[in-house]
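**Q** Pasting a structure here, questions to come.
Throughout, read-outs are computed from the coordinates displayed, never taken from laboratory work. Because the structure is a prediction, the values reported are computed rather than measured. Quick reminder, even Gly has a Cβ in these numbers, built from the backbone with ideal geometry, and neighbours come from all protein chains shown.
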Amino acid sequence: MDILQVIEPLVCTQRVEGLRDSSLRVLRDVNGKIQVAVDPIGVRPGNWVYTASGSAARYAAGDFRVLTDLTIAGLIDFWDTDPGQ
Amino acid sequence: MDILQVIEPLVCTQRVEGLRDSSLRVLRDVNGKIQVAVDPIGVRPGNWVYTASGSAARYAAGDFRVLTDLTIAGLIDFWDTDPGQ
Amino acid sequence: MDILQVIEPLVCTQRVEGLRDSSLRVLRDVNGKIQVAVDPIGVRPGNWVYTASGSAARYAAGDFRVLTDLTIAGLIDFWDTDPGQ
Amino acid sequence: MDILQVIEPLVCTQRVEGLRDSSLRVLRDVNGKIQVAVDPIGVRPGNWVYTASGSAARYAAGDFRVLTDLTIAGLIDFWDTDPGQ
Amino acid sequence: MDILQVIEPLVCTQRVEGLRDSSLRVLRDVNGKIQVAVDPIGVRPGNWVYTASGSAARYAAGDFRVLTDLTIAGLIDFWDTDPGQ
């Protein structure tokens, strides 16, 4: 599972039916790479989260029929961007 | 899910049966990496979209028997290539 | 799905039973990265193809019991290595 | 399967139900990339482990309903960070 | 499927039950990246092999209950590290 920071909601009025009414968030990793994830928890911009990908993402969305490949799985209580150093 | 820009349709007369008559689009990410996705929505060159990969891509294609590993899942209303900065 | 160029057949006399008698091709992307794919179409060195990965690759091989994670899904009619520029 | 070093436990009080009460560990590869994995073995910071990803990760967690995409599969007895050189 | 070179066996006395008694090998790609794979064939250090990943890896292990995400699928008869150049 990857550790990513929440940037903003993703506004997207036209999407495939399979995503239903799930909330989408734009996330960024420490190298600046951007991804989109389903948010079943309700996170805010600036939060650090970890995400489940692949088939686990569909189940983590709370409804396995949600057609995501990335879902926020948890909110990290505290995150130092350079752990263990 | 990744955020990609639509470049052009992919013309491909010889393909495996499993892709059926699905429309294919060439997409490019912010670093210039090129990928091919099934388009169940009908997007145009220049649009920014986000994509579902893996087994979710097959379901997102509207017919899980479509043998894709990448499907356009939504059209982003507005996309700034450098979000949150 | 990724866009790759066919380099050569892969000669491999000792393999797991699950690959059966499928034809294997060595492919290379624009950055020089090498991969091996099952070829259900019959492509030639120099051809540009796009590939399906993951579980879609097994189905695209025409027999889902073929234990591949990458299968050639289509032959691209014409490919400019720098699209949309 | 990837070889990673254990950095620290991940403290995370708010998470999706699908992760149940599994222990989470922050891991780092030789290039410094950080990931989060479920730990069904009980490893300590500094240990080198190898991990199973994808659907195998769910089964390796000991309960396939645990919604992880990365699980520690084994503890390496001895690991030289530059093998075979 | 990726092409990798066998480096050495992986000694690992403590592992999850799901890996059973499968033999593990440390592999390295042309860029030096290290991975661990199940070996159902019996390869030796220095051999070049190609590997199946994802769910195909579990089936390629000869017993789909083996919880691997990477399995050696074949031994390459001859491999030039710079093909097609």
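**Q** Keeping to segment E:5-24, report how many residues are within 12 Å of chain D (Cβ to nearest Cβ) and either more than 21 Å from E:VAL66 (Cα to Cα) or part of a loop (DSSP other than H, G, I, E, B) (or both).
**A** 9
**Q** Now for a different question. Among the residues of segment E:54-71 satisfying the criterion of being in contact with a Ser or Thr (Cβ under 8 Å, 6 or more places away or on another chain) and facing chain C (nearest Cβ under 8 Å), which is surrounded by the fewest Cβ atoms within 10 Å (Cβ to Cβ)?
**A** Here the answer is E:SER55.
**Q** Taking the condition of being β-branched (Val, Ile, Thr) and either under 22 Å from C:SER55 (Cβ atoms) or in contact (Cβ under 8 Å) with a residue 60 or more places away in the chain (or both), how many residues in segment D:39-71 meet it?
**A** The number of residues fulfilling the criteria is 4.
**Q** Being within 12 Å of chain E (Cβ to nearest Cβ) and either touching a His at 6+ places or on another chain (Cβ under 8 Å) or assigned to a loop (DSSP other than H, G, I, E, B) (or both) is the filter here; which residues of segment C:25-38 pass it?
**A** If the condition is that a residue be within 12 Å of chain E (Cβ to nearest Cβ) and either touching a His at 6+ places or on another chain (Cβ under 8 Å) or assigned to a loop (DSSP other than H, G, I, E, B) (or both), then C:ASN31, C:GLY32, C:LYS33 are the ones that fit.
**Q** When only residues in segment A:39-53 that are at the interface with another protein chain (Cβ under 8 Å from one of its Cβ atoms) and in a loop (DSSP other than H, G, I, E, B) count, which is farthest from B:ALA61 (Cα to Cα)?
**A** Applying the filter and picking the extreme gives A:PRO45.
**Q** Among the candidates B:VAL30, B:VAL6, B:VAL49, B:VAL16, single out the residue that is out of contact with any strand residue (DSSP E or B) (no Cβ under 7 Å at 6 or more places or on another chain) and either of a type in the set (Gly, Ala, Ser) or closer than 20 Å to C:ILE3 by Cα (or both).
**A** When all the criteria are applied, what remains is B:VAL30.
**Q** Please go through segment A:72-84 and give me each residue that is surrounded by 13 or more Cβ atoms within 10 Å (Cβ to Cβ) and not in a strand (DSSP E or B), ordered by number.
**A** Correct list: A:ILE76, A:TRP79, A:PRO83, A:GLY84.
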